[in-house]
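The values are calculated or read from the model by the stated rules, or taken from the named source; none is laboratory data. Computed from a predicted model, the values in this text were never measured in an experiment. Because the Cβ atoms are built from the backbone with ideal geometry, glycine has one as well, and the counts that use them run over all protein chains shown.
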């Protein structure tokens, strides 16, 4: 794990909330810090996890309502809603249900503050072009439809609008990003007049309740 974070950049949720970049949030970063396995925790640790996640979710809601650049995609939003429904079925202490209520509030905040990514016609054309060209990489890395959509939307926006950071604990998504950028830089550099890399579409893991670390190519 340490090797993955070599030369990495560390940011807090508050730091990210002040950035001008587009910050696209994946379900895995919203659910819990990297490496968390609720099933292996004692009750006190589960309570601490729930309380920490609730504070994280509450702060993200506050930052979204104050105009920060946190965004989500519609497929990820739907994925999280489905996860909320599923996890409530096995929760003898009510801890997950507490957490999921706050998570649902976050989803409502994304929606109410128009923080769901919608591409205009020109960007949509590029999205479909890139998606078709690199769908084999998505399959190779076994990405879900939601994760592949997030990655291609992030890449499209990084090329056409402004730099993007993906907030995710999904390593196959990170590796797929690297594969696509390497392919573009090897064969299509002339189209974009530059190499594309971390400065264009960065990738951050959520490593603590409020802490994020970058993964670099």
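Go through (1) touching a helix residue (DSSP H, G or I) at 6+ places or on another chain (Cβ under 8 Å); (2) part of a helix (DSSP H, G or I) for residue 119 and report which single condition fails. The one condition residue 119 does not meet is (2).
Of the residues 27, 32, which single one is at pLDDT below 95, under 16 Å from the mean Cα position of the chain (by Cα) and crowded, with 16+ Cβ neighbours inside 10 Å?
The conditions single out 32.
When residues in segment 103-157 are screened for being over 30 Å from residue 65 (Cβ atoms) and without any contact (Cβ under 8 Å) to a residue 12 or more places away in the chain, 7 of them pass. Report whether or not residue 209 is under 23 Å from residue 61 (Cα atoms) and either assigned to a helix (DSSP H, G or I) or touching a strand residue (DSSP E or B) at 6+ places or on another chain (Cβ under 8 Å) (or both). Taking the combined requirement at face value, the residue does not satisfy it. Tell me which residues, restricted to segment 164-189, are at pLDDT below 95 and within 23 Å of residue 121 (Cα to Cα). Those that are at pLDDT below 95 and within 23 Å of residue 121 (Cα to Cα): 184, 188.
Taking (1) touching a strand residue (DSSP E or B) at 6+ places or on another chain (Cβ under 9 Å); (2) at pLDDT 95 or above; (3) within 27 Å of residue 65 (Cβ to Cβ) in turn, residue 161 satisfies each apart from (2). In segment 17-66, the qualifying residues are those that are in contact with a strand residue (DSSP E or B) (Cβ under 6 Å, 6 or more places away or on another chain) and in a helix (DSSP H, G or I), and the one that is nearest to residue 152 (Cα to Cα) is 29.
For segment 81-114, a residue qualifies if it is in contact with a helix residue (DSSP H, G or I) (Cβ under 8 Å, 6 or more places away or on another chain) and modelled with pLDDT of 90 or more, and the qualifying residues are 102, 103, 104, 105, 106, 107, 109, 110, 111, 113.
Looking across 174, 203, 148, one residue alone is part of a helix (DSSP H, G or I), touching a strand residue (DSSP E or B) at 6+ places or on another chain (Cβ under 6 Å) and surrounded by 14 or more Cβ atoms within 10 Å (Cβ to Cβ). It is 174. Quick one: is residue 198 under 18 Å from residue 29 (Cβ atoms) and at pLDDT below 95? Judged against the criteria, residue 198 is a match. Annotation: of all residues in segment 151-170 being in a helix (DSSP H, G or I) and within 12 Å of the chain's Cα centre (by Cα), the one that is farthest from residue 185 (Cα to Cα) is 153. Here is the figure for segment 128-145: residues that are part of a helix (DSSP H, G or I) and buried (at least 21 other Cβ atoms within 10 Å of the Cβ) total 1.
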